[in-house]
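This report concerns only the one structure given below.
Rule-based calculations on the coordinates, nothing more; no lab input. On a predicted model such as this, the values are computed, not experimentally measured, just so you know. Glycine also receives a Cβ, built like all others from the backbone with ideal geometry; neighbour counts cover every protein chain displayed.
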């Protein structure tokens, strides 16, 4: 950009309107007025008596022209034939980073030597030499703006208007970018057209899948309502019958048995719903520990033996694992849950005959199976029975109960363990369900040292027990169970009360701590208690059904964990175990 300036001497100018300036007209008017000024000056030199009046007129006209040039939206400079600035308005001076008085009367190329040989320098010389108007555009770095430079020559030199055209240049750039994007988009659209048929096919499939999903959900909800109301009917109905007078002992026992069975069924449904919820939300965690395959299968056998006998079904075990392969490292609760769901499924669809539970090792995997002699699986559904909400028969008039979640949970657990689950129809009749998991040997360091415990009957124990429980019904139930250990029972309704009672009663033997309580939860209370009492036995109890909750309770300082609903025998056995373990530990410490 050229560095130029205009200095206007006192001119005797006629008043004129500069509110709507045209750059070419301004340049012509400027030099015409300058000529008029020279003429007037000669006349004024000879007319002394009118000198003062004429000077005032000249000043007024000069001021008007100066104001007009200063109020222009463009930067404006004038340079004479010797390349000296004769006028520079404030916008031009600001652009050059100088004051007008620093430029007027000075040679442009002396003040701005760096401009020599630039496009401005060459254009200005060309205009000055050829006496032709030149218009060009250039980018001015200091201001980050684009300017249109209009160079207008005259006999006295040149004038230059700098018009800010940044908005126009940005619009042109945006238009160019838009055209480029449109070209790219056109190519993309051309490719998209080729895929339209494929997309339409996928949409149709997605629509059908969504409709099928809605149907399955509706069927599942209807089925779930039935599955929940059925055991509730048994619980509420037979509870009401127990209130009737003159019931025989046999009738009472029968009614209680029905209530217990209905409660177990309800609890299984709730556990399945919670499991599915945690699987869907990605919150299901694994807890790896040393696991005996033999014990797992025998435990499942014991649990379901009575139910199988009631249906005249022979329940058998076939374990081909060697003693060396019996112990593995896995999540034993997940393995037990999978076996339990598969065995429940086999008992549901088998009316008579045989159910076999077995396992074998192949390569680096342990494969479990449950084989039954039941109705088998429809070949059209064998690939979908592990999907969510799926059942062999999901109609409202189906012949078999169940929420339809067991196989989905089993598959989810197997996937979490890094295994695989599948089903086949038996060659004779019935079906076989398989699942395999990685064979991981437990590390010797991780094996717990098992010290023989001397069994002490709980009847001989007189313990001081603190129960931290905010639910009145649960508290009443637990208190009745714990009476077998004596009457020395303390009650806390929240975690803060539990901590306070422990501080005031350092002789407490056992704390039964609920996890979810107001004011202070069980985890926080355990941490506080451990700050001043490391010896008291703390058993956490909660309605949470997942093993990671048990692990968390142990991590913060708990000794053991039991889940709600609390089983009387399980609670008593657990307390006995913790007391014996604690006393043996004390003996070992004293000996050492």
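Before moving on, here are some points about what is shown:
- Compactness relative to 2.2 N^0.38 Å, alpha carbon Rg of region 100-143: 1.30
- Quotient of Cα Rg and 2.2 N^0.38 Å for region 70-208, N being how many residues it contains: 1.78
- Of the peptides 579-585, 119-125, 536-542, the order by per-residue mean of other Cβ atoms within 10 Å, starting with the highest, comes out as 536-542, 119-125, 579-585.
- Potential lengthening of the chain between residue 130 and residue 184 amounts to 14.8 nm, from the contour at 0.36 nm per residue minus the alpha-carbon distance.
- Kirkwood hydrodynamic radius over Cα pairs of region 458-591, then Stokes diffusion coefficient at 10 °C and 1.306 mPa s, in µm²/s: 108
- The orientation-averaged projection of the convex hull spanning the C-alpha atoms of region 289-446 amounts to 9.5 square nanometres.
- Value of D in µm² per second that Stokes-Einstein yields for region 130-186, Kirkwood Rh from Cα pairs, at 37 °C (0.692 mPa s): 243
- The residues 338, 104, 194, when put in order of fewest to most other Cβ atoms within 10 Å, stand as 194, 104, 338.
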